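Peer 1: After the structure tokens below, expect a handful of questions from me.
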Amino acid sequence: MILSAPSGGGKTTIAQALRTARDDVGYSVSATTRQPREGEEDGVDYFFLTPEEFQRRIDANEFMEWARYGGSRYGTLVSEVERILKSGKHVVLDIEVQGARAIRERLANVVSIFILPPSARVLRERLTDRSTEHGDTLGSRLQHAVDEVAEAPDFDYIVTNDDRAQAVAEVAGIIDAESQRPMRLPGMAKTLNELRDALAEQAQSMRHRS
Ligand code: 5GP
């Protein structure tokens, strides 16, 4: 499942809240060349790589997708996605829109959700509150937001992050509904066949009786 939003849109907080609330959700830790913000931990929030190490991993085909954003590079590691899939959990990717497009083109079985800030003012306030962002970065992130919001209609779902608890509940509802699609129910084809056979047998024995 892909969560995308303009920077400051709250998708990281939503992804973290989801992970805490549900043990069937695993969060893919991305790699980046940007510097850690205060409180961010290597291997938890991101794998913080040097540009050379990031390039080495691109060359070694270790990324499922990667993109440039605000002068840094960000990428989804194949190893992260495989680690979570192996544990039988839903994989949540918190990525920007170019990466989201690349993954949608590559994987048919992906669900994409665009998290919308409730207003331009709220997004600006949230970005300003990130004391680590410098003025120029704030401006460029807002400019990025203009382009990112234009991509929202291409996503499967749009959730507005006004009240965080409600946004988390809405995303959880989407996960639950999507889990019930026939293609995501392992063994369903067999169950349906068995049910059809059993029903056909019953119908036949009724016909014999009448
Ligand atoms: P931030 O620097 O605020 O943590 O992230 C900047 C942007 O990069 C956000 O929109 C975030 O979702 C995105 N991002 C984080 N990880 C990845 C990734 O692995 N791939 C892509 N394409 N974008 C990412």
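Peer 1: State yes or no: is Glu80 under 29 Å from Ile175 (Cβ atoms), free of Cβ contacts under 8 Å to residues at least 12 places away in the same chain and either of a type in the set (D, E, K, R) or more than 13 Å from the ligand (Cβ to nearest atom) (or both)?
Peer 2: So Glu80 fails the test.
Peer 1: Moving to a separate point now. Considering only residues that are without any contact (Cβ under 8 Å) to a residue 60 or more places away in the chain and of a type outside the set (D, E, K, R), look in segment 166-178 and name the one that is farthest from Thr13 (Cα to Cα).
Peer 2: Ala177
Peer 1: While we're on this one: In this structure, is Asp129 within 13 Å of the ligand (Cβ to nearest atom) and either buried (at least 16 other Cβ atoms within 10 Å of the Cβ) or modelled with pLDDT of 90 or more (or both)? Outline the logic, then answer.
Peer 2: On the way: within 13 Å of the ligand (Cβ to nearest atom): yes; either buried (at least 16 other Cβ atoms within 10 Å of the Cβ) or modelled with pLDDT of 90 or more (or both): no.
The answer is no for Asp129.
Peer 1: List the pairs whose first member sits in segment 98-113 and is of a type in the set (Val, Ile, Thr), whose second member is away from the ligand (no atom under 13 Å from the Cβ) and in a loop (DSSP other than H, G, I, E, B), and whose Cβ atoms are under 8 Å apart, counting only residues at least 6 apart or on separate chains?
Peer 2: Ile103/Val110; Val110/Met1; Val111/Met1; Val111/Asp156; Ile113/Met1; Ile113/Phe155; Ile113/Asp156
Peer 1: Checking the condition of a type outside the set (Ser, Thr, Tyr) and exposed (fewer than 14 other Cβ atoms within 10 Å of the Cβ), which residue from Ala165, Ala172, Ala152, Ala100 passes?
Peer 2: Ala165
Peer 1: Here is a further query. State which residue is nearest to Gln143 (Cα to Cα) when the search covers only segment 1-59 and only residues that are more than 10 Å from the ligand (Cβ to nearest atom), surrounded by fewer than 17 Cβ atoms within 10 Å (Cβ to Cβ) and among the hydroxyl-bearing types (Ser, Thr, Tyr).
Peer 2: Only one residue fits best here, namely Thr13.
Peer 1: On to the next question. Out of all the residues in segment 1-29, which are in contact with a helix residue (DSSP H, G or I) (Cβ under 6 Å, 6 or more places away or on another chain), closer than 18 Å to Glu148 by Cα and in a loop (DSSP other than H, G, I, E, B)?
Peer 2: Ala5, Pro6, Ser7, Gly8
Peer 1: If I filter segment 192-206 for residues that are among the polar types (S, T, N, Q) and touching a strand residue (DSSP E or B) at 6+ places or on another chain (Cβ under 7 Å), do I get at least one hit? Break it down into steps so the answer makes sense when it comes.
Peer 2: First, pick out the residues of segment 192-206 that are among the polar types (S, T, N, Q): 193, 202, 204-205.
Next, from what is left, pick out any that are touching a strand residue (DSSP E or B) at 6+ places or on another chain (Cβ under 7 Å): none.
Checked segment 192-206: no residue is among the polar types (S, T, N, Q) and touching a strand residue (DSSP E or B) at 6+ places or on another chain (Cβ under 7 Å).
Peer 1: Quick check, is Arg73 assigned to a loop (DSSP other than H, G, I, E, B) and within 13 Å of the ligand (Cβ to nearest atom)?
Peer 2: Taking the combined requirement at face value, the residue does not satisfy it.
Peer 1: For segment 178-210, how many residues are outside any helix (DSSP H, G or I), among the small types (Gly, Ala, Ser) and surrounded by 10 or more Cβ atoms within 10 Å (Cβ to Cβ)?
Peer 2: The number of residues fulfilling the criteria is 0.
The values are calculated or read from the model by the stated rules, or taken from the named source; none is laboratory data. Since the model is a prediction, treat every value here as computed from it, not as a measurement. Here the Cβ is made from the backbone with ideal geometry for all residues, glycine too, and neighbour counts use every protein chain on show.
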